[in-house]
1. Does any residue of the stretch 43-54 turn out to be in a loop (DSSP other than H, G, I, E, B) and either among the polar types (S, T, N, Q) or buried (at least 18 other Cβ atoms within 10 Å of the Cβ) (or both)?
2. Restricting the stretch 134-168 to residues that are in a helix (DSSP H, G or I) and under 17 Å from Leu194 (Cβ atoms), which is least open to solvent (accessible area, probe 1.4 Å)?
3. Specify which of the listed residues (Ala103, Ala121) is small (Gly, Ala, Ser), under 16 Å from the mean Cα position of the chain (by Cα) and farther than 22 Å from Leu23 by Cβ.
4. The conditions are (1) touching a Pro at 6+ places or on another chain (Cβ under 7 Å); (2) within 26 Å of Ala116 (Cβ to Cβ); (3) of a type in the set (Ser, Thr, Tyr), and Thr48 fails exactly one of them. Which is it?
5. Could you list, in sequence order, all residues of the stretch 122-174 that are of a type in the set (Val, Ile, Thr) and closer than 24 Å to Asp30 by Cα?
6. Give the stretch 64-92 a look and list any residue that's basic (Lys, Arg) and either open to solvent by less than 30 Å² (accessible area, probe 1.4 Å) or not in a helix (DSSP H, G or I) (or both), or say none.
7. For Ala121, state whether it is free of Cβ contacts under 8 Å to residues at least 24 places away in the same chain, more than 23 Å from Tyr143 (Cβ to Cβ), aliphatic (A, V, I, L, M) and not in a strand (DSSP E or B).
8. Does Ala27 count as under 23 Å from the mean Cα position of the chain (by Cα) and of a type in the set (A, V, I, L, M, F, W, C)?
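The values are calculated or read from the model by the stated rules, or taken from the named source; none is laboratory data. In this text the structure is predicted, and so the values were computed from the model without any measurement. So basically every Cβ, Gly included, is an ideal-geometry build from the backbone, and we count neighbours across all protein chains shown. Ligands, DNA and RNA are stripped out before the accessible areas are found, and what is left, the full protein with its side chains, is counted by its heavy atoms. Shrake-Rupley method; radii C 1.70, N 1.55, O 1.52, S 1.80 Å.
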Amino acid sequence: SGHDHLAADLTDPADLSRLCAHLHRIAPVDVVVTGLRVREPWTRLEHTGTDALADALAANVAYLADLIRAVLPGQRRTGFGRWGVLSSAVAALGGEGQGAYVAQKAALEGLVRTLALEEGAHGITANVVAPGFVATAATRTAYPPEVAPALGAATALGRAVRPAEVAHAVAARVHPDAGAITGTTLPVTGGTELGWAIGAAVREARRT
């Protein structure tokens, strides 16, 4: 309660323009937290067509450049801005059958680092939060029933990441006192990247 909820399609330039015009009438947009979760096409690279890859990048990366152009002038005028962009651990790890998704997230991370470099002198920071396997209904249904529990177990914690833990990481990066943290990618993975494949194999061997 106490907040306005506005619906807009950030991938639609006209819709984005209407949203930003409404927000600017209230106050400059000082904090932006954004992320898209579109995995299609989900297929191995040998079957990923050029057009499909280009469409995936256009739909899931270009929106951030549009958003930056819409919001940045107000942040520069006030000398303050915080950007928190959600990526994924697969941007660094790779993912079988997820070439387009990995490419999208890697491209977003490059844009965020560039934004941080270009705008730091104006009091604007930009950071990435890269979750691993998060226990939500959407992620559970994205994998076969037997795969989701294994993904959650393949961490140093032995469990999936909780949504609140991702939210906390984002909140810390966009906090007003986080002005010296910029251009970073923070993994929120439960330690998935710490040799997860080897660790999972060892744990399975111990169980059997």
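1. Here is the first cut: in the stretch 43-54, the residues in a loop (DSSP other than H, G, I, E, B) are 44, 48-49.
Keeping just the survivors that are either among the polar types (S, T, N, Q) or buried (at least 18 other Cβ atoms within 10 Å of the Cβ) (or both) gives 48.
Yes, the stretch 43-54 contains at least one residue that is in a loop (DSSP other than H, G, I, E, B) and either among the polar types (S, T, N, Q) or buried (at least 18 other Cβ atoms within 10 Å of the Cβ) (or both).
2. Filtering the stretch 134-168 down to residues in a helix (DSSP H, G or I) leaves 137-141, 147-153, 163-168.
Right, trim to under 17 Å from Leu194 (Cβ atoms) and you get 150-153, 165.
Working: Ala150: 57, Leu151: 52, Gly152: 6, Ala153: 36, Glu165: 63 Å².
So the residue we want is Gly152.
3. Working: Ala121 fails: under 16 Å from the mean Cα position of the chain (by Cα).
Step by step, each of Ala103, Ala121 is checked, and only Ala103 is small (Gly, Ala, Ser), under 16 Å from the mean Cα position of the chain (by Cα) and farther than 22 Å from Leu23 by Cβ.
4. Answer for Thr48: the failing condition is (2).
5. Going through the stretch 122-174, the residues of a type in the set (Val, Ile, Thr) turn out to be 124-125, 128-129, 134, 136, 139, 141, 147, 155, 161, 166, 170, 174.
Within the stretch 122-174, Ile124, Thr125, Val128, Val129, Val166, Val170, Val174 meet the criteria.
6. Kept after step one, since they are basic (Lys, Arg), are these residues of the stretch 64-92: 69, 76-77, 82.
Selection gives Arg82 alone.
7. Working: free of Cβ contacts under 8 Å to residues at least 24 places away in the same chain: yes; more than 23 Å from Tyr143 (Cβ to Cβ): yes; aliphatic (A, V, I, L, M): yes; not in a strand (DSSP E or B): yes.
So Ala121 fits the description; yes.
8. Details: under 23 Å from the mean Cα position of the chain (by Cα): no; of a type in the set (A, V, I, L, M, F, W, C): yes.
The answer is no for Ala27.
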